[in-house]
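The block underneath contains the structure these notes are about, expressed in structure tokens.
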């Protein structure tokens with residue numbers, strides 16, 4: 001089995017090879033690395049929040065509280081992304097990864113490189129966003 005090490009090699013692959021075992025392995029490794037990075041960030045946040053000093057000056061305290069709030073919001077987004085990563089890894093194991101949930105069409109390597117957790121093709125995503133704007137759904 002050939003190993004695809006970088007995006008350039010992935011994009012050089014023939015269209016007939018879409019989501020072959022080498023490509024799936026590439027995305028599996030990318031998703032696992034991203035998940036490990038996010039988990040590391042979460043640990044750093046926990047340590048940072050534990051180490052926060054208490055400042056008697058209300059302005060300093062407010063500034064620290066705002067920084068902590070922003071950091072916690074970022075971690076919440078990352079927590080949600082971790083869930084999407086786990087779902088993507090599950091789709092890889094089931095053989096569904098890289099195909100649109102709505103149409104079954106290929107999502108495309110370029111889109112998956114930009115957003116490896118994508119579940120919709122560009123066209124399906126655009127339709128969904130248009131419906132959301134029109135109907136608030």
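The values are calculated or read from the model by the stated rules, or taken from the named source; none is laboratory data. Source: prediction; values computed, not measured. Here the Cβ is made from the backbone with ideal geometry for all residues, glycine too, and neighbour counts use every protein chain on show.
Residues that are loosely packed, with under 10 Cβ neighbours inside 10 Å and in a helix (DSSP H, G or I) within region 126-137 comprise 133, 134, 135, listed in sequence order.
If you go through region 14-34, how many residues are in contact (Cβ under 8 Å) with a residue 60 or more places away in the chain and assigned to a helix (DSSP H, G or I)?
Applying the first criterion (in contact (Cβ under 8 Å) with a residue 60 or more places away in the chain) to region 14-34 yields 18-19, 23-24, 27-28, 30-31, 34.
This time we only want the ones that are assigned to a helix (DSSP H, G or I), so: 23-24, 27-28, 30-31, 34.
The total comes to 7.
Within the set of pairs 6 or more residues apart or between chains, which connect a residue that is at positive phi and loosely packed, with under 10 Cβ neighbours inside 10 Å inside region 1-13 to a residue that is at pLDDT below 90 and outside any loop (DSSP other than H, G, I, E, B) with Cβ atoms less than 6 Å apart? Close Cβ pairs satisfying both conditions: none exist. Filtered by the rule that a residue be farther than 16 Å from residue 35 by Cβ, in contact with a helix residue (DSSP H, G or I) (Cβ under 7 Å, 6 or more places away or on another chain) and crowded, with 17+ Cβ neighbours inside 10 Å, region 83-110 gives 98, 100, 109.
If you scan region 105-125, which residues turn out to be under 19 Å from the mean Cα position of the chain (by Cα) and in a helix (DSSP H, G or I)?
Within region 105-125, 109, 110, 111, 112, 113, 114, 122, 124, 125 qualify.
In the condition set (1) closer than 30 Å to residue 109 by Cβ; (2) surrounded by 10 or more Cβ atoms within 10 Å (Cβ to Cβ); (3) at pLDDT below 85, residue 67 is compliant with all but (1). When region 80-97 is filtered for residues that are part of a loop (DSSP other than H, G, I, E, B) and more than 14 Å from the chain's Cα centre (by Cα), the ones remaining, listed by number, are 95, 96.
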